[in-house]
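Taking it in order: structure first as structure tokens, then the write-up.
The values are calculated or read from the model by the stated rules, or taken from the named source; none is laboratory data. Owing to the predicted nature of the structure, the values given are computational and were not obtained by experimental measurement. All Cβ positions, even for glycine, are placed from backbone atoms using ideal geometry, and neighbour counts span all protein chains on display.
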Amino acid sequence: MNPADARIVENIRQVTQGSAKLLVTLARRGKAIQQERPERAEFLLSAVRTHPLYKGGRLGFDMLEIEDIILEASSFVPMSTQELTQVLTTRAKYFVDALRRIGSVDRHPTQAEAPSQDNDSGRVTRFAANGESESRAVPELPRLILGPTGSRSATAYAGDEGSEERDDYPELLSSDYLYDYVVLGLLDIFSNTAMLQIDNEAAA
């Protein structure tokens, strides 16, 4: 067997397994919200049901049979809030690598690793017609900040809001509508990190 082929197949397996663990964690978190705080669950789902991303996500969820992937991986130990926050706030180019690390059978983390940072200076060099070059700063595009920006951790804030770390999330069943549970779990993380951002800005 070509070693490069074996390596790419293993990377695909790890990314798939990492994605499954992420989805299982979100779904179990969402199911807990549905069972323990049904009013909040209904409010969140009602707010996003007409959104194009919700509709498109549901279509992709069904077409790709993501439900089967989640049910097959439902015995995975849920990720911590810290791990969830890190993965969901990782820059896009590091996202697949983060999922591959999560899905690796050799990985037994005690805490989420911090993503590496690039050294892009945010400048672009332009060449004029006479061959001379000029370098100028390029304004950054607006970006959504989902993670913590202060000293207070996302895990600590989530605990304040009743989403403390736990190991008794409800089990997932084939009769569950898993897409809504994944959406609820995702919105819960976004809600916690967005509130943390507001809290940090108010304290500044």
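A few points about this structure:
- Residue check, ARG7 part of a helix (DSSP H, G or I) and either at pLDDT 95 or above or exposed (fewer than 11 other Cβ atoms within 10 Å of the Cβ) (or both): yes
- Selection count where residues are under 11 Å from LEU99 (Cβ atoms) and of a type in the set (D, E, K, R), scope the range 1-18: 0
- Number of residues in the range 1-15 that are under 14 Å from the mean Cα position of the chain (by Cα) and of a type outside the set (A, V, I, L, M, F, W, C): the value is 0.
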